[in-house]
Amino acid sequence: MELHIPSAQWDRITHWLKEAHPREGCGLLGGRRVPGIIEVLQVFPAPNAWPADGKSSQRNRFRISPAFHRRVHGQLKQEGLEIVGVFHSHPDGPSRPSSIDRRLAWPDLVYCIVEVADGRVKNAAVWLPPRLSRQAVLKITGPRADE
């Protein structure tokens, strides 16, 4: 399985996640599924809605609000597309799912986890359901803005 993200959309994701550092940044991926490939056509950066509860913080947790999810779902449905995945950062941590990520993962969505450290993207990986147990190939498509 491959996740294809156009370079312009990848640049939006990485900009959003670098801006969120040292908190976890997050968002939704909109697109379509074809055999063997998930095509991302739109990116929806989301505010991190994780509440401050004294046990954890936005530094190591993220939440996408149900209202944001519904709004994106409705917009994509009108365009004949769907939510295909979630992206979020691990500030100063590896791009693999945490136990919390695995436990809270939406069952039908891919997760793109991006390691951000020192203001830079260090690594990124895509994880598949169920429970983010398998890794997929991340393919950035098209010309890069810096090329």
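The values are calculated or read from the model by the stated rules, or taken from the named source; none is laboratory data. Since this is a predicted model, take the numbers as computed values, not measurements. Because the Cβ atoms are built from the backbone with ideal geometry, glycine has one as well, and the counts that use them run over all protein chains shown.
Would you confirm whether any residue within segment 70-80 is under 13 Å from the mean Cα position of the chain (by Cα), within 21 Å of Q42 (Cβ to Cβ) and either modelled with pLDDT of 95 or more or not in a helix (DSSP H, G or I) (or both)?
No, segment 70-80 contains no residue that is under 13 Å from the mean Cα position of the chain (by Cα), within 21 Å of Q42 (Cβ to Cβ) and either modelled with pLDDT of 95 or more or not in a helix (DSSP H, G or I) (or both).
Scan segment 119-131 for residues that are under 18 Å from E2 (Cα atoms) and surrounded by 13 or more Cβ atoms within 10 Å (Cβ to Cβ) and jot them down.
N123, A124, A125, V126, W127, L128, P129, R131
For (1) in contact (Cβ under 8 Å) with a residue 40 or more places away in the chain; (2) closer than 24 Å to V137 by Cβ; (3) not basic (K, R), each residue gets a yes or a no:
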{"position": "Q9", "(1), (2), (3)": "no, yes, yes"}
{"position": "L41", "(1), (2), (3)": "yes, yes, yes"}
{"position": "D53", "(1), (2), (3)": "no, no, yes"}
{"position": "R63", "(1), (2), (3)": "no, no, no"}
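One residue is enough: does segment 28-47 have a residue meeting the conditions crowded, with 17+ Cβ neighbours inside 10 Å and part of a helix (DSSP H, G or I)?
no
Looking for whichever is touching a residue at least 60 places away in the same chain (Cβ under 8 Å), among the β-branched types (V, I, T) and exposed (fewer than 14 other Cβ atoms within 10 Å of the Cβ) here; the options are V137, V110, V116. Which one fits?
None of the others qualify; the one that does is V137.
Which members of segment 97-129 meet the condition of being in a loop (DSSP other than H, G, I, E, B) and at pLDDT 95 or above?
P97, L109, listed by residue number.
Inspect segment 69-81 for any residue being without any contact (Cβ under 8 Å) to a residue 60 or more places away in the chain, hydrophobic (A, V, I, L, M, F, W, C) and farther than 13 Å from I38 by Cβ and give the result as yes or no.
Yes, segment 69-81 has at least one match.
So which residues in segment 103-122 are within 10 Å of H90 (Cβ to Cβ) and either among the charged types (D, E, K, R) or within 11 Å of the chain's Cα centre (by Cα) (or both), if there are any at all?
Answer for segment 103-122, where residues must be within 10 Å of H90 (Cβ to Cβ) and either among the charged types (D, E, K, R) or within 11 Å of the chain's Cα centre (by Cα) (or both): I113, V114, E115, K122.
Where residues in segment 88-107 are more than 23 Å from G36 (Cα to Cα) and of a type in the set (A, V, I, L, M, F, W, C), which of them is surrounded by the fewest Cβ atoms within 10 Å (Cβ to Cβ)?
Here the residue is I100.
Filter segment 13-27 down to the residues that are over 11 Å from the mean Cα position of the chain (by Cα) and not in a loop (DSSP other than H, G, I, E, B), then identify the one that is surrounded by the most Cβ atoms within 10 Å (Cβ to Cβ).
Here the residue is A20.
Quick one: H88 ticks every box in (1) more than 24 Å from V137 (Cα to Cα); (2) modelled with pLDDT of 95 or more bar one, so which box is it?
Condition not satisfied by H88: (1).
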